[in-house]
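A short write-up of the structure that comes next.
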There are 2 protein chains.
Amino acid sequence: MDLSSFSGAQGNTGLTWSNRSSVGVIGGQGEMGSLFSKFFTSHGFQVNVADLETPLTPEHVMRESDIVVFAVPLHKTVPVMRELVPLARRGQLLMDLTSLKSAPVAEMLRSEASVVGLHPMFGGRVSTFCGQTLAACPVRISPEQWQWLRGLFTASGIRVKECTPEEHDRMMSIIQVLFHLTTMLAGRTLRKLGIDIDETMEYTSPIYRIEMNLAGRIFAQSPELYAAIAGMNPNTGRIFSELKEGLELYENFYKTENLEGIIEDFQKSARHLGDFCAEAYDESSALLDFSVDLAHRKRNGTTSCPEKHDSKDRQVLPACRS
Amino acid sequence: MDLSSFSGAQGNTGLTWSNRSSVGVIGGQGEMGSLFSKFFTSHGFQVNVADLETPLTPEHVMRESDIVVFAVPLHKTVPVMRELVPLARRGQLLMDLTSLKSAPVAEMLRSEASVVGLHPMFGGRVSTFCGQTLAACPVRISPEQWQWLRGLFTASGIRVKECTPEEHDRMMSIIQVLFHLTTMLAGRTLRKLGIDIDETMEYTSPIYRIEMNLAGRIFAQSPELYAAIAGMNPNTGRIFSELKEGLELYENFYKTENLEGIIEDFQKSARHLGDFCAEAYDESSALLDFSVDLAHRKRNGTTSCPEKHDSKDRQVLPACRS
């Protein structure tokens, strides 16, 4: 699928939308809807928000806007679209901001409007757009219009990653589902074994601290979102199959005290990851240093650990400055 | 078990060791052995190193040292101790630096020497001791001597976490085994599904980037170490049971499209983690910002993203400075 060549329902090569267009955000009072409302406002658009408690109804916003952005929770996206997409018209641009793309994009394509599916790879509470990634499926939009829209995002420092809805959902089964499932399994294991997190944090290896911070971050957020991301991805079944097979294999190695078996499987995975491992080692070292320093400052209220030296050069490691 | 009251084989209250004591490091050319050789040297001790290619033999170092530190790979620790511990004498101090404590400490206790098991919760390549944690099992040492030894570590900014060998190994079944297993499962799944890591990194959600950096870091290191940490911990069996039970439960929820089931289990785990989740959200936000900035700098060679603003105050998010 050539993503940028579909000129779709527009049927002309001139620009249909500009920052004089009106933007309607359905679900514009949620975190992500609110962030993107601000984004469009900052680019000069007139933005109308419809949410559960707004004077404007979704139907009104749908009818009156040149560009409509769906920013409702993932598990409600398709049902909301089923009600509103029939009101869309040729010449409108429909977009959504949800974590899966196949099903929402298919719903929007039922209209005659132009359609771009978006998935911001960042939360609604980020402090900067700079360096953030936006996955985008420009499935029905003229190349000129897509370049214009894309330019709005890149002007804010956002990296735009183009993909088809199917590619997107397959990638998210790794990027999101795989890691959410292992995190949910870890959280469940901690609970079932009655582990006191504060007690484990007393030992704080920096890696564990980061792992637990990422896990806690997920559990601090919406259960509905995480359930929907894993539960609604068409590729989740394959992830389960692989996790189960791996777990049975490792348990068997453990029970038979077959360390060689674990080592061999580990080496195969390391080879698959290839050069990435060395890069990851370096980048994670910077992260670990940052995390140790952060934890130290939290505990002691001091400003910083002493300057780091290249570990190859040091003879004696620096102690604390404070 | 009162960890600090065991006066052990010493039978006196005076100091037996000081920084005039000689320290022998068995495996002193490995990363961790080398780090602790430097540590003791920096504190004024005379340090003798025995390793595979050193002129000094382990037996010689064992006989001639007041303090002996075992710094050999985990899966070789007990076999090496079986050969050398019979050479130990009353008045010596035996320590080890391995990732499990029950079995190595039990081996060292076969001697009449004083015994302290250590587990540095950091790698041999850290750039500073400041804020790092050292788990310590002072199982056979006078309180005075332990305070002195402990003081050497804390003077370098190391946090010392005292525990019994059994407590230690139980905690490590969470801190290390649980997270290593989920990482190995994730690595195996990426490999089995033929996922191109570089392709996934194109989407780089900051959480995924950190997760993958931590995973890659593990796969960049010794397979023998990770196999031994999981394969030799007496509590690993329980971790497998819980992971299997959880995986079956989640797969069943997925197959029956029971999002409510996932949500409920998620909420129970979130309740177990309690207040930790909110703290984790804050601390991980700082980590994510750091990671996004790091990745941005790597990509663009620029020095920094624009200053962050409190997300509550901002009207418009800052774009890139460069």
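If each residue of separation counts as 0.36 nm, what is the full-extension length gain between residue B:278 and residue B:264 once their alpha-carbon separation is subtracted?
Values: separation 14, 0.36 × 14 = 5.04 nm, distance 1.91 nm.
3.1 nm is the gain from fully extending residue B:278 to residue B:264.
What order do A:209, B:170 take when sorted by accessible area (1.4 Å probe), most exposed first?
Numbers: A:209 35, B:170 100 Å².
Accessible-area ranking of A:209, B:170, largest first: B:170, A:209.
Helix check for chain A. Which DSSP H runs span at least 15 Å along their own axis by Cα, with a mean Kyte-Doolittle hydropathy no less than -0.5? Walk me through the intermediate numbers first.
Working: long enough: A:31-42 (17 Å, 0.27); A:74-84 (16 Å, 0.05); A:143-155 (17 Å, -0.56); A:179-192 (19 Å, -0.05); A:206-219 (20 Å, 0.32); A:236-255 (28 Å, -0.66); A:259-273 (21 Å, -0.37); A:276-300 (35 Å, -0.40).
The qualifying helices are A:31-42, A:74-84, A:179-192, A:206-219, A:259-273, A:276-300.
Can you pull the accessible area of residue B:60 for me, 1.4 Å probe, Å² to the nearest 10?
The value for residue B:60 is about 80 Å².
What are the distances, in nm and sorted shortest first, from the label point of residue A:278 to the label points of the same position in each other copy, with each label point placed 7 Å from Cα along the Cα-to-Cβ direction?
4.6
For A:63, A:159, give me the order by solvent-accessible area with a 1.4 Å probe, most accessible first, ignoring ligands, DNA and RNA.
Values: A:63 130, A:159 60 Å².
From most exposed to least exposed: A:63, A:159.
Of all the residues in chain B, which one has the C-beta that comes nearest the axis relating B to A, and what is the distance in Å?
So the closest residue, with its distance, comes out as B:182, 2.
Under 18 Å between alpha carbons, and skipping anything fewer than 8 positions from residue B:38 in its own chain: which lysines qualify?
A:308, A:312
With the crude spin-label approximation of a point 7 Å out along Cα→Cβ, what separation in nm comes out for residue B:148 versus residue A:248?
Between residue B:148 and residue A:248, the simple spin-label model gives 5.8 nm.
As an exercise, identify the trypsin sites (Lys or Arg not before Pro) in the range A:88-126 lying in DSSP coil whose Cβ has no more than 14 other Cβ atoms within 10 Å.
On the way: sites: A:89, A:90, A:101, A:110, A:125; in loops: A:89, A:90, A:101, A:110, A:125.
Taking the range A:88-126 and a limit of 14 other Cβ atoms within 10 Å, the loop trypsin sites (Lys or Arg not before Pro) found are A:89, A:90, A:110, A:125.
Taking the Cα-to-Cβ direction at residue A:43 and at residue B:38 and moving 7 Å from each Cα, how far apart do the two end points lie in nm?
Output for this residue pair reads 5.0 nm.
Using helices alone, what [θ] at 222 nm do you get for chain B, with -39,500 (n - 2.57) per DSSP H run of 4 or more residues, divided over all residues and rounded to the nearest 500?
Result for chain B, helices only: -15500 deg cm²/dmol.
Between residue B:155 and residue B:271, what is the label-to-label distance in nm when each label sits 7 Å out along the Cα-to-Cβ direction?
Using points 7 Å along Cα→Cβ, the separation is 5.1 nm.
Quick one: Karplus J couplings for the range A:105-112, per residue in order, coefficients 6.51, -1.76, 1.60, θ = phi - 60°, nearest Hz, x for Gly and Pro?
Calculated HN-Hα couplings, in order: 5, 4, 5, 5, 5, 5, 7, 9 Hz.
Please find the FRET efficiency linking residue A:106 to residue A:76, where r is the Cβ-Cβ separation and R0 is fixed at 22 Å, and quote it to the nearest 0.05. Write out the running numbers ahead of the final one.
Details: r = 16 Å, r/R0 = 0.73.
So, using R0 = 22 Å, E works out to roughly 0.85.
Rounded to the nearest 20 Debye, what is the dipole magnitude of the protein assembly as shown about its Cα centre when Lys and Arg each give +1 and Asp and Glu each give -1 at the C-beta? The partial results should precede the final answer.
On the way: 64 positive and 78 negative charges, 169 e Å.
Computed charge dipole of the protein assembly as shown: roughly 820 debye.
What's the FRET efficiency of residue A:60 with residue A:221 using the Cβ-Cβ distance as r and R₀ = 35 Å, to the nearest 0.05?
It comes out at approximately 0.70.
Shortest first, in nm, what separates the label point of residue B:201 from those of the same position in the other copies (7 Å along Cα→Cβ)?
The projected label point of residue B:201 is separated from its counterparts by 3.1 nm.
For the range A:41-74, list residues with backbone N below 14 Å from a point placed 7 Å from the Cα of residue A:20 toward its Cβ?
Taking a point 7 Å out along Cα→Cβ of residue A:20, the residues of the range A:41-74 whose backbone N falls under 14 Å are A:45-46.
On each of the three principal axes of the Cα atoms of the protein assembly as shown, give max minus min coordinate, whole Å, ordered largest first.
Sorted from largest, the Cα extents of the protein assembly as shown read 91, 48, 42 Å.
Of all GluC sites (Glu not before Pro) in the range A:96-171, which ones are in loop regions per DSSP and have a Cβ with at most 16 other Cβ atoms within 10 Å? Could you put the intermediate results ahead of the total?
On the way: sites: A:107, A:112, A:144, A:162, A:166, A:167; in loops: A:112.
Here the sparse-neighbourhood loop sites are A:112.
Over chain A, what is the percentage of antiparallel beta bridges among all DSSP beta bridges, to the nearest 5? Don't skip to the end; give the middle numbers.
Working: 5 of 26 bridges.
Beta bridges within chain A, antiparallel portion: roughly 20 percent.
Output, in nm with one decimal and in ascending order, the distances from the residue A:90 label point to the matching label points of the other copies (7 Å from Cα along Cα-to-Cβ).
Going from nearest to farthest copy, the values are 10.1 nm.
Please list, in chain and number order, the residues 5+ apart from residue A:162 or on another chain whose amide H is under 5 Å from its amide H, with Hs placed from the backbone.
Residues meeting the criterion, in which the H sits 1.01 Å from N, are A:136.
Need the list of lysines near residue B:255 for cross-linking: C-alpha distance under 27 angstrom, and skip anything on the same chain fewer than eight residues off.
Within the straight-line limit of under 27 Å, residue B:255 reaches these lysines: A:76, A:101, A:192, A:244, B:192, B:244, B:268.
Equivalent ellipsoid semi-axes for chain B, as square roots of 5 times the alpha carbon gyration tensor eigenvalues: give them largest first, rounded to whole Å. Don't skip to the end; give the middle numbers.
On the way: eigenvalues 357, 123, 82 Å².
After diagonalising the Cα gyration tensor, the semi-axes are 42, 25, 20 Å.
Whole-Å semi-axes of the range B:113-262's equivalent ellipsoid, largest first, each the root of 5 times a Cα gyration tensor eigenvalue? If you can, show how the numbers build up before the last one.
Values: eigenvalues 270, 86, 37 Å².
The answer is 37, 21, 14 Å, longest axis first.
The values are calculated or read from the model by the stated rules, or taken from the named source; none is laboratory data. If you're wondering where the values come from, they're calculated on a predicted model, not measured in any experiment. When we count neighbours, we look across all protein chains shown, and the Cβ atoms used for this are built from the backbone with ideal geometry, even at glycine. Heads up: the accessible areas ignore ligands, DNA and RNA and are worked out on the full protein's heavy atoms, side chains in. Shrake-Rupley method; radii C 1.70, N 1.55, O 1.52, S 1.80 Å.
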